[in-house]
Structures are given as C-alpha cells and as structure tokens.
1. A:VAL125 - would you say it is crowded, with 19+ Cβ neighbours inside 10 Å, free of Cβ contacts under 8 Å to residues at least 60 places away in the same chain and more than 8 Å from chain B (Cβ to nearest Cβ)?
2. Since A:THR175 meets every condition but one in (1) of a type in the set (S, T, N, Q); (2) assigned by TED's automatic domain parsing to the domain that holds A:CYS15; (3) surrounded by fewer than 21 Cβ atoms within 10 Å (Cβ to Cβ), which condition does it not meet?
3. Which ones in region A:208-238 are assigned to a helix (DSSP H, G or I), crowded, with 17+ Cβ neighbours inside 10 Å and under 24 Å from the mean Cα position of the chain (by Cα)?
4. Which of the residues that make up region A:239-251 are touching a helix residue (DSSP H, G or I) at 6+ places or on another chain (Cβ under 6 Å) and buried (at least 16 other Cβ atoms within 10 Å of the Cβ)?
5. Of the residues A:GLY62, A:GLY107, A:GLY83, which is at pLDDT 95 or above, on the phi > 0 side of the Ramachandran plot and either surrounded by fewer than 19 Cβ atoms within 10 Å (Cβ to Cβ) or within 14 Å of another protein chain (Cβ to nearest Cβ) (or both)?
6. I'm trying to understand the selection: among the residues of region A:33-85, which are closer than 26 Å to A:PHE122 by Cα and aliphatic (A, V, I, L, M)?
7. What is the number of the single condition among (1) within 14 Å of another protein chain (Cβ to nearest Cβ); (2) farther than 30 Å from A:VAL125 by Cβ; (3) of a type in the set (Gly, Ala, Ser) that B:GLY99 does not meet?
8. Exactly one of (1) under 30 Å from B:ASN134 (Cα atoms); (2) out of contact with any Lys or Arg (no Cβ under 9 Å at 6 or more places or on another chain); (3) of a type in the set (Ser, Thr, Tyr) is unmet by A:THR169. Its number?
2 protein chains.
Amino acid sequence: MITTSSIKEYRQLTCRLPRPIGFVPTMGSLHEGHLSLVRAARKDCKTVVVSVFVNPAQFGPGEDFTTYPRNIEKDGTLLTKEGVDVLFAPAANEIYLPGHDTWIEAGGMAKRLEGAARPGHFRGVATVVLKLFNIISPDKAYFGQKDAQQTLVIRKMAQDLNLKIGIETLPTIRTPEGLALSSRNHYLSNDEKVKALALYQSLKLAKELHDNGERDASVIKTHMQTLLSAAGIKTDYISVADRRSLEELNLINEEALVLLAGYVGRTRLIDNILLGKQP
Amino acid sequence: MITTSSIKEYRQLTCRLPRPIGFVPTMGSLHEGHLSLVRAARKDCKTVVVSVFVNPAQFGPGEDFTTYPRNIEKDGTLLTKEGVDVLFAPAANEIYLPGHDTWIEAGGMAKRLEGAARPGHFRGVATVVLKLFNIISPDKAYFGQKDAQQTLVIRKMAQDLNLKIGIETLPTIRTPEGLALSSRNHYLSNDEKVKALALYQSLKLAKELHDNGERDASVIKTHMQTLLSAAGIKTDYISVADRRSLEELNLINEEALVLLAGYVGRTRLIDNILLGKQP
C-alpha cells in the first residue's frame, strides 16, 4: 500500500493506477463499517484508494473536532490487510489553503435533520467530498447507509454538479447487539454502550409497527420517543421522511426512512432504518 | 464540427476526443472577443469545445435573461470557420434538472462589485462553469479579461476545489475606437455607442494618471467620475482594487485593477484596465 499526504504526489500516481478506481473517503478511526466499504470497493475496482482526513469544515464550534478519535497507524494496518492500494492522509493545510473561500451549498435537503442540528455541517461535508473527488479522480465512491442524510446529500451533489462518479451506498454495520458502528462509539462508557442499544431498538419498533400496518408517522414517532425516553436517551430528532428527498411524511405510503439523533450521556449518535423495503 | 445539445451524447464523444481538450464556455452571440479565446484554444489544444448556453442562474429578477441576444445559427457558422471540433449547446432543462439544488458559493471576492450589484450572479456563474467543466472534462478553459472579476472568481474556485483544469485569461478585445466587445453592445443605439467610448477613456485616464505617478486611488476615481459624468454615463461603481483579491485599495503600491460598471442609456456595461503592468 502506498501512503501519501501530498496532493501532488497522489496526482503523479494517478495515471499509473489502473481503472476503475474505487474511493472510500473516511475520517479514520476505522471500524468494520468502513472496512465493509473498502471490501465492496476491492470487489468492484482494480484500484482502491482510501482517504483519512478529519475535516475541520464539517465540525461546528464546540463540537468534537479536537477530540474526534484518530489512530492513523492502526488505520494503516487495517487497510493494508484489506489490500488497499493507496492511503491518502493529508494534513488540514494540504486540503484547505490559507484563504480557502469556495463552498458547496447543498440545498434544501441539507438544511433538515443533521443540517438543522449542525449548521454548516453539510456545507463542510459536500465541499471536502467534492475536493477529494477532484483530487482522487475515482470512478466509484462508497458511503455507509449509517450516515443516510450524508449519502443523500452527496448523491444530490453528484447529480446536480454532473459528476461522473458512481455513488454506492452500503448497509449499516452493527454490533451483534445492534449498535450501529461509529467512530463516536469510542466516547461511550460500558454502561452507555448498553443504553445506546435503545436507538436501534426504537428503529426496529418503528419497522415492526409499520410491518403490522401502521402508516401514521406521528404514532410511530410517539412509540419510539416513549422507548427512548424510558432508556434515558434524550432525542435530538426523530424523523419519518421520504427516502430520497428527506421531506417529512405524515402518512407513509411508500418506502420511508426513519432517522434519529439522540444523546447517550454526552455523546450524540445517529441511526436510521428503511421502512417498507422487501427483505 | 459536431454540434450536440445532449450531455449523454457529448460524454459518448469524449473518449474519442484527443487531448488536451480546450474549452471556451460562452453565452453565445459570439463576437471577436469570444473568437480570440477560440483561437487561443485552437493553438494550444488538439480538441476545441465551445459551449453556448445562456445560463438563467446568473441573471437576477428583472435582468436581461429573456432579451439577451441569441443567434445560434450565426454562432455555429463562426465556430465552424475557426475549426472548432464540438459545439455544445444544451437547453436549460438539460443543464438544470427539476429540483436542482446544489450551488457553488464563491466566497468573499464574489460579494463585491458585480456580486454586490447583481446578488447571486457569481453563484450562478460558478455553478454553471463547474457543471460545464464536469460535463466537458477539459484540460484548459479560456476566459476573457473583460469579465475580470468572473475570471478571478473562477480561478479561485478552481484552486479551492482542486480542479485539474488550467484557467487561461486572454486580453479584452475592443473596437478600433476602444469599446470593449460585449454581447450587450447589441443593445446600444449608434449615439450610445459613441457615448460608451467614455468608459474606456476613463480607464485610459486612470492609467495615464498612474503612469504619471498618481498613487492615491480616490484621486484617480474622482477624475474618472468627472469624465464619465460629463459623458452622461451613470456609474454603478468605480473600483481600484488588488488585482488578485479584488480588495479595494486606497494607495496603489503594486499592480492594481481599475474596474467600472456604468449605464449607457439603459444598458449596463463593464470594463477594466490593469495599472502598473509593464508593456
């Protein structure tokens, strides 16, 4: 595996990398969720490039940019084992030159849910992803369904800006108990890890209600809220939304996404489930 | 010359087009200014692609989107004569799909001068240029110095978003009398064409004052204003600015741009000149 932190060096490599190039952008602290994306890329593509970059532009003031878990040595070892060809791990000043002042405004979908809770978050995400796309020049890029809204925002950006990159979304990877893998799970104590299981339990409850014929989104949300409150989780939002536009639904007629954000202790976690999809 | 209005059709062509590809984005109604860009591209590149697209997103409400001069047959004839390989002339709904909602925010430089006079203008320009870059996939793109701020905004975007496209700027082309060529000159009556010469005269006056040692921007602007008022031109702005950042200057120590916008009758025209450049 070639490791580089330099855009120039990567670009000198590019012409020698056989296509298709599959790209997995990450913020490092890799877990099985990331590795499932890497394996999908490895299966699809002749070259696999992974980036590790904790993007300052997608963290708000007071968020966890400085404490976000970083472990580039372990990440490198994991990626080597997966047969990754190139690890691109730039410093912040390699990606954002002084005076950087061009941003991607991701539109209405990016204003809701995570975008409402974290103003500027998707502007930072969309901008860094577009920059990385332009640097890495991939044919396909891989994202996890765990960050459902992020995936939708990036798909929309790719469509609206005429990118010639296939955007692949892969299923959320969970612990055997059901907790969605996330680098932020590092913040949880053992007690909190147990408490956090209620997030997925509430999503499974939503699915069960829906499978049994419930179509009123507010009924589903009320049941979820009750379950989460009982588990001591403070919810930031529970949303039943159109699976593509993320517009809030009152009545569920077609496939819908149930998305939630909640605080387990001081750690903010997100998760989601698709309703109405045939198994 | 191949003419296409379809993104899909263009993309099917791309792999057969020898590189480098030189690209000249235009809004049509072509004049010698555009053709000078085409000739530069023809000289530099194995393939020359010209787009003709009157971009609705860069016109404000009440601006001249509907009346903007269009003459695609004449444009096609001119481009064929120049040996252009591909003319890409899409309809608005080919470029902006329903629900288009991702935009490039071009930052501080785009808020001044034309950006202040025409809110949203550079957002529309930057977005369509990035989209066209992603569709056309050029190695070099050519812009005219006449739209100095536009060129700077696009250079900044290319740098900030890590585009691998060379941005070339070519000198303003003028009538023998000095009027900068612009598609909007079509709006001028014969009397107004004479009146409009004062725009360049005021810029030459600025250069003359600067050549003679004047370094106080406000003195230069006052002289220009006097000349323009005497000619019956209502100025929208006169700016003496850093030639790269477009920050307003009080004292001219290095190369500076003098930029102006003014109304000749009901027609708004822009022009600029570089101070301090060695001939």
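The values are calculated or read from the model by the stated rules, or taken from the named source; none is laboratory data. No experiment lies behind these values; they were computed from the predicted model shown. All Cβ positions, even for glycine, are placed from backbone atoms using ideal geometry, and neighbour counts span all protein chains on display.
1. Details: crowded, with 19+ Cβ neighbours inside 10 Å: yes; free of Cβ contacts under 8 Å to residues at least 60 places away in the same chain: no; more than 8 Å from chain B (Cβ to nearest Cβ): yes.
When the stated conditions are applied, A:VAL125 does not pass them.
2. Every listed condition holds for A:THR175 apart from (2).
3. Within region A:208-238, A:LYS221, A:MET224, A:LEU228 meet the criteria.
4. A:VAL240, A:LEU246, A:LEU249
5. Matching residue, one of A:GLY62, A:GLY107, A:GLY83: A:GLY83.
6. Listed by number, the residues that qualify are A:LEU35, A:LEU37, A:VAL38, A:ALA40, A:ALA41, A:VAL48, A:VAL49, A:VAL50, A:VAL52, A:VAL54, A:ALA57, A:ILE72.
7. (2)
8. In the conditions (1) under 30 Å from B:ASN134 (Cα atoms); (2) out of contact with any Lys or Arg (no Cβ under 9 Å at 6 or more places or on another chain); (3) of a type in the set (Ser, Thr, Tyr), A:THR169 misses (2) alone.
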